[in-house]
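Worksheet: one structure, shown below.
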Amino acid sequence: MTVTKQNQYLLYSQENLINNSTPVCGRYLRYPDTTGKRIIEGGLRLQGKYKRSLPNKPLVTVVTTVFNCVKYIEQAMLSVLDQTYDNIEYIVVDAASKDGTLDVINKYKDSLDYYISEPDNGIYAGMNKGVSLASGEYVIILNADDYYKEGAIEKLVQRAVEFKTDLVAAHSCNIDSKGNKVVGGLCRSTWTDFAYLICPLKHETMFAKSDVYNKIGYYNEEMKICADWFWMAQAYHFNCSASIVNEELLFFRNIGTSSSRELQECHAQERLSGYAILFESISDEDLEKLKFIGSLTPEIKTNLIKNNPKCTRLYKALGVTYIWGYASGKEDSPSVCGRYLRYPDMTGKRIVEGGLRVQGTYKISLPRKPLVTVITTVYNCVKHIEQAMLSVFKQTYDNIEYIVIDAVSKDGTLDVINKYKDSLDYYISESDSGMYAGMNKGISLATGDYVIILNAEDYYTEDAIEKLVQEAIKSGADIVAAHAQFLNEKNEVGYVNRSRWTAEVYVCSPLRHETMLVSKNTYNDVGYYDESRQVISDRIWMISAYKQKKTVAILEANILMFRQLGVSSIQSACHEQECFAFQCKRKTGPRIRLRLQSTLPATPDKTTRQERGRNARNVQEMGSCKKWGQRNGSKSTFDPCEIKDNAEIKANAGIYLLACTRFRSIGVQYKKVTPIKQPAASL
């Protein structure tokens, strides 16, 4: 590939960028003496002993490069020789050490497959020698001052065999020169657009297929400290897949070449050179702006995107720099929406990942057309998922990114998702801990100005999103919600579920979350849904929003058709238990509940039972004299004014009223029961 562009940052040749016709791994069994200054060569290979892959036991090549590291080299070597995985070939490449390192290598010469000591051009030259000598199916490189946790290689192999990704990596624990864990010592591996900013994986845990090395090539020896980053950036840029073992498998000392402060300027320069190679269209002026990422203002980022439309993935990475907090081991992040462009595989049970993002296509907000992220979470809903998805694709609003989160469905749902894969911005299927975990994944992937969540069994009217966006722009509200209509199992339209925003949020969900168009700033303020709950997390989220005085605009339109098939519609016992536990946790004093006794037959039809269950959760803010039945378009036998004037209830209920109603249409009576007292703190 000939470079015609004159770029002051283009210090390194593009000649070998993803253009390797000859194998990189296993090029040599014994490295040729090209310097004439070789000091020593040895190992099992010189005795005619060679290792190979075995059934269900792929050969793993571990390479250690070293120069004058007598203090730590033995610990590093023993961490490899003592691994529980028993099909490893170990290659040590020394750069003519003079501090006793060779004595340590000689001590273990009978256990090494191959070792040499000769001058070279730096750490990446030594790494390239090791890669060219590697005959394993997988290759991993260990620095001489670091060491592996026992069982590390076995865990990496298991992940590689199970998921068959191009790369596998893990997290590391940063330690000081004495081996003590440093403050904030966790360093996480990720595989997102973060790869364009800094090493997304610790290369000492990067377990790479030999075929990937053959595709990407050697490390760039003209770089002094960033060649490992550039190699990974190429792998990410050209869509190599990766899987992350969610465990610390490496102990890493911050004393290596790239850890020295005086080389930070060199680091920045080499990173810009990498950008010049990966993004040939980028100008010198814009490259200069990228030198110090932390100083980029929103205005500069906007101009960069405008000037360089082909560099979308790079600028997307600049917009999610909070991933630095995750990678550096900090659990908390100020940003909730858009945390990832591709969700990291942290479960080890991912089935599939795809969509336009994986192909490098991303959507952005347009003038007067804010980007809306629609999220659908699904598990075994093949009967309705297609209708839900089509209701999004057919929206009249034309700036939507659609994300589908599947929890390893086994009923054909994945076939439906795959049918529309070319229209989805992103989708994954992997195990999770429940509905709210799926919703949180979707939110963390959302890059839209607004976010809305659609259940897999429900669907929107064709102009739903457009109406919500118009109301959001007009009102400037943090949340816009609308009304929904119930569908029974025969697809017959039932009652209207009306949204409103009052203090009754403390005892029921006043909004249907499927109609809630939420600004990304609101999610960033309020946070994720509580994954420890099975049923009421959406209401808990609304309570937090209410406390923070988030503004809500109600759109007087029915935009959603919903079926009562979801978790919160069928787990009434769990719902009551979680509500009670939540009220106890809030420690706001005794409560009075009004329990209802139905006069209906003991075994009514299923649809009627569901309608009763939904209607029973309607409540009224104390002090308001609006129709009790307004939310569902019917009149109640329960008069809120009676409760308002009831001194006993007011005394026990505090600032809000906990009550339930049955509707006259199904003939229900009610009675007061004993107040529920505050339980002990231990409960």
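The values are calculated or read from the model by the stated rules, or taken from the named source; none is laboratory data. Quick caveat: nothing in here was measured; it's all calculated off a predicted structure. Here the Cβ positions follow ideal geometry from the backbone for every residue, glycine too, while neighbour counts run over all protein chains shown. These area figures cover heavy atoms from the full protein model, side chains too; ligands, DNA and RNA do not enter into them. Shrake-Rupley method; radii C 1.70, N 1.55, O 1.52, S 1.80 Å.
How large is ³J(HN,Hα), in whole Hz, for each residue of region 51-56 in order, when computed from phi with the Karplus curve 6.51 cos²θ - 1.76 cosθ + 1.60 and θ = phi - 60°, using x for Gly and Pro?
9, 8, 5, 10, x, 6
What is the gain in length, in nm to one decimal, between Val352 and Lys37 on full extension, counting 0.36 nm per residue of separation less the C-alpha to C-alpha distance?
108.3 nm
Once amide H atoms are placed 1.01 Å from N in the peptide plane, what residues at a sequence separation of 5 or more from Phe207, or on another chain, have their amide H within under 5 Å of its amide H?
Val168, Ala169
With the Cα gyration tensor of region 27-182 giving a ≥ b ≥ c as the square roots of its eigenvalues, does the rule (a/c under 1.5 for rounded; else a/b larger than b/c for prolate; else oblate) give rounded, prolate or oblate?
oblate
Find how much the distance from Gln47 to Lys109 grows on full extension, using 0.36 nm per residue of separation minus their present alpha carbon separation; answer in nm with one decimal. Intermediate results must be reported in sequence, preceding the final value.
Working: separation 62, 0.36 × 62 = 22.32 nm, distance 1.17 nm.
Full-extension gain reported as 21.2 nm.
Charges only on Cβ, +1 for Lys and Arg, -1 for Asp and Glu: so what's the dipole of region 351-447 about the Cα centre, in debye to the nearest 20? Mind dumping the intermediate values first?
Values: 10 positive and 11 negative charges, 65 e Å.
So the magnitude is around 320 debye.
Whenever you get a sec, line up Lys363, Lys178 from highest to lowest accessible area (probe 1.4 Å, protein heavy atoms). Show your work: numbers first, answer last.
Details: Lys363 65, Lys178 170 Å².
Listed by decreasing accessible area, they come as Lys178, Lys363.
Assign one of three labels to region 130-280, namely rounded, prolate or oblate, based on the Cα gyration tensor with a ≥ b ≥ c the square roots of its eigenvalues; rounded applies when a/c is under 1.5, prolate when it is not and a/b is larger than b/c, and oblate otherwise. Could you put the intermediate results ahead of the total?
Numbers: a/c = 1.59, a/b = 1.03, b/c = 1.53.
Cα axes put region 130-280 in the oblate bin.
What does the accessible area per residue of region 448-553 come to in Å², with a 1.4 Å probe and no ligands, DNA or RNA counted?
Heavy-atom SASA per residue in region 448-553 reads 35 Å².
HN-Hα J couplings of region 370-378 from phi, Karplus 6.51/-1.76/1.60, θ = phi - 60°, integer Hz, Gly and Pro as x?
My calculation for region 370-378 gives x, 6, 10, 9, 9, 10, 10, 9, 8 Hz in order.
Assuming 0.36 nm per residue, please report the length gained on full extension of the stretch Glu285 to Leu29 beyond their Cα-Cα distance.
Contour length minus Cα-Cα distance gives 87.5 nm.
In the structure shown, do any of Lys363/Lys394; Lys71/Lys181; Lys349/Lys520; Lys383/Lys421 have a Cα-Cα gap over 26 Å, and if so which?
Checking Cα-Cα distances, Lys349/Lys520 exceed 26 Å.
Put a dot 7 Å past each Cα toward the Cβ at Leu54 and Lys306; how far apart are the dots in nm?
Inter-label distance under the simple model: 6.4 nm.
Calculate, for Glu492 and Phe238, the FRET efficiency according to 1/(1 + (r/R0)^6) with r their C-beta to C-beta distance and R0 45 Å; round to the nearest 0.05.
For Glu492 and Phe238, the calculated efficiency is 0.30.
Which residues does a label at Asp422 reach in region 377-405, if reach means a backbone N under 18 Å from a point 7 Å past the Cα toward the Cβ?
Answer for region 377-405: 390, 393-394, 402.
If amide hydrogens are placed 1.01 Å from N in the peptide plane, which non-local residues have theirs closer than 5 Å to the one on Lys149?
Long-range HN contacts for Lys149: Leu250, Phe251.
Measuring from label point to label point, each 7 Å out along Cα→Cβ, what is the Asp211 to Phe163 span in nm?
My value for the distance between the label points is 1.7 nm.
Which value in nm describes the separation of the simple spin-label points at Ala557 and Asn246, placed 7 Å from the Cα toward the beta carbon?
4.0
Return the inverse of the average 1/r over all pairs of distinct C-alpha atoms in region 37-114, which is the Kirkwood hydrodynamic radius, in Å to one decimal.
One decimal place: 13.2 Å for the Kirkwood radius.
Based on the Cβ-Cβ distance of Lys369 and Ser433, what FRET efficiency does E = 1/(1 + (r/R0)^6) give at R0 = 35 Å, to the nearest 0.05?
Here the calculated transfer efficiency is 0.50.
Under the rule a/c < 1.5 gives rounded, and otherwise a/b versus b/c splits prolate from oblate, where does region 404-545 land using the Cα gyration tensor?
rounded
Which one of Tyr397, Gly355, Val374 has its Cα pushed farthest toward the positive end of the charge dipole of region 355-404, where Lys and Arg give +1 and Asp and Glu give -1 at the Cβ?
Tyr397
Once the dipole of region 151-242 is set up with Lys and Arg at +1 and Asp and Glu at -1 on Cβ about the Cα centre, which of Tyr196, Asn214, His171 lies farthest towards its positive end?
Looking along the dipole axis, the top candidate is His171.
List the aspartates and glutamates whose Cα sits under 17 Å from the Cα of Lys474, skipping any in the same chain fewer than 8 residues away.
Straight-line reach from Lys474, under 17 Å: Asp449, Asp463, Glu466, Glu556.
Excluding Lys369 itself, calculate the net charge of residues whose Cβ lies under 13 Å from the Cβ of Lys369, where each Lys or Arg counts +1 and each Asp or Glu counts -1.
On the way: positive: Lys363, Arg368; negative: Asp398, Glu401, Asp449, Glu466.
In short, -2.
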